[in-house]
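First up is the structure itself, then whatever we jot down about it.
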Amino acid sequence: MKIAILSHKASLYSTRRLKEAGEQRGHTMHVIDYLRCYMDITSRRAKVMYSGKELTGYDAVIPRIGASNTFYGTAVVRQFEVMGVFSSNDSQAITRSRDKLRCMQLLAREGIGLPVTGFAHSTKDIDGLIDTVGGPPLVVKLIEGTQGVGVILAETRKAAEAVIEAFRGLKANILVQEYIGEAGGCDLRCLVVGGKVVASMERRAARGTGEFRSNLHRGGTAHKVRITPDERSTAVRAAKAMGLRVAGVDILRSNHGPLVMEVNSSPGLEGVENATSVDVASRIIEFLEQSPRRIPRRDRIKG
């Protein structure tokens, strides 16, 4: 197969591992900076151009789209889809999962466990919003945030009010969620590929720092963990609700079962591969091998 990895940086661990895994399995692998792609959207002859050349003959693409480049990155993925090229995650699913509010609404519709979550536009409704979530401590999240950026724990009502007012004063869209204290600064990251959990790890916030976020980018640690059937089912259902074939699903262990915090369409592979010794990159390539080589014309674009 001829496979394109759409990545802004070829040096990133996940990009390198996917390229290595594909080549080891005998495929032709190209890393393409999607921000340098440009598109010819002519009817019946859609093209993706890169460095002055038309990109042709690809059997599949693996999108590794950065959160800050979602709009343009998904446009490139969609153009490949119009051309009939299969994507490990389609453009609509990536866009859906990147919108935290939409993600939560879709998960709730499917009956998947979530922390109690509130959303409001006006600062006049702060008291009602805090009461809806259940009062402090609570977590305030920027809808556009990633890797723990823009996530704040408000331990008192006054602190919560101040943080919400500050964000709304900047016209930032935020979610307010209940704080799951029994999770103890830990969460689960489950890697779902093709409707199956292929690896899972427990992430723990850095101790002695006052940090409650478990992101590895913020000094958290990770180790392999055995998940329960309920947690496994929750991860698979969450990925399916987003329409994602490859996803990282973040879950909190609560007193009333697994709760989904986030569904990531471009999960990093370094932490989970190091923690579990599972070759996740090869699992993704294997999934592509079993997938259709071309998208039927009637299914090439769904909006």
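The values are calculated or read from the model by the stated rules, or taken from the named source; none is laboratory data. Remember, predicted model here, so these are calculated numbers, not experimental data. So basically every Cβ, Gly included, is an ideal-geometry build from the backbone, and we count neighbours across all protein chains shown. In case anyone asks, the SASA skips ligands and DNA or RNA and just uses the protein heavy atoms, side chains included. Shrake-Rupley method; radii C 1.70, N 1.55, O 1.52, S 1.80 Å.
So the values come out like this:
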quantity	calculated
Accessible surface, 1.4 Å probe, highest first, among residues F71, F287, F119	F71, F119, F287
Packing-based ranking, highest mean first, of 235-246, 81-92, 35-46, 272-283 given that Cβ atoms within 10 Å are counted	235-246, 81-92, 272-283, 35-46
Anisotropy class of the stretch 29-179 from Cα gyration tensor, a/c 1.5 cut	prolate
Ranked order, M201, M261 - accessible area, probe 1.4 Å, largest first	M261, M201
Helix 157-169 vs. the chain, principal-axis angle (Cα, 0 to 90°, nearest 10)	40 degrees
Lys, Arg +1 and Asp, Glu -1 on Cβ, resulting dipole of the stretch 117-179 about Cα centre, debye, nearest 20	160 debye
Cα-based radius of gyration of the chain once divided by 2.2 N^0.38 Å, which approximates compact folds	1.04
By accessible area with a 1.4 Å probe, ligands and nucleic acids excluded, highest first: order of L55, L142	L142, L55
Folded to 0 to 90 degrees: helix 280-289 orientation relative to the chain principal axis, Cα	50 degrees
Taking the stretch 3-151 and dividing mean pair separation by its residue count, relative contact order in percent (alpha carbons under 8 Å, at least six apart)	17 percent
For the stretch 19-79: rounded, prolate or oblate by the Cα gyration tensor [a/c cutoff 1.5]	oblate
Paired Rg and Dmax values of the stretch 117-179, which use every Cα atom, in angstrom	10.2, 30
Estimated FRET transfer efficiency when R0 is 45 angstrom, pair N69-T132 (beta carbons, to 0.05)	0.85
Length-normalised contact order of the stretch 117-179 in % [C-alpha pairs under 8 Å, at least 6 apart]	46 percent
Listed peptides 104-116, 188-200 by packing density, highest first (mean Cβ within 10 Å)	188-200, 104-116
Charge sum, other residues only, whose C-beta stays under 11 Å from I130's C-beta, Lys/Arg counted +1 and Asp/Glu -1	-3
Overall form of the stretch 240-284 per C-alpha gyration tensor (a/c, 1.5; a/b vs b/c)	oblate
Share of carbon and sulfur in the accessible heavy-atom surface of the chain [1.4 Å probe, %]	49 percent
Computed accessible area, K2, all protein chains, 1.4 angstrom probe, square angstrom	60 Å²
Relative packing of 62-70, 7-15, which averages over residues the other C-beta atoms within 10 Å, highest first	62-70, 7-15
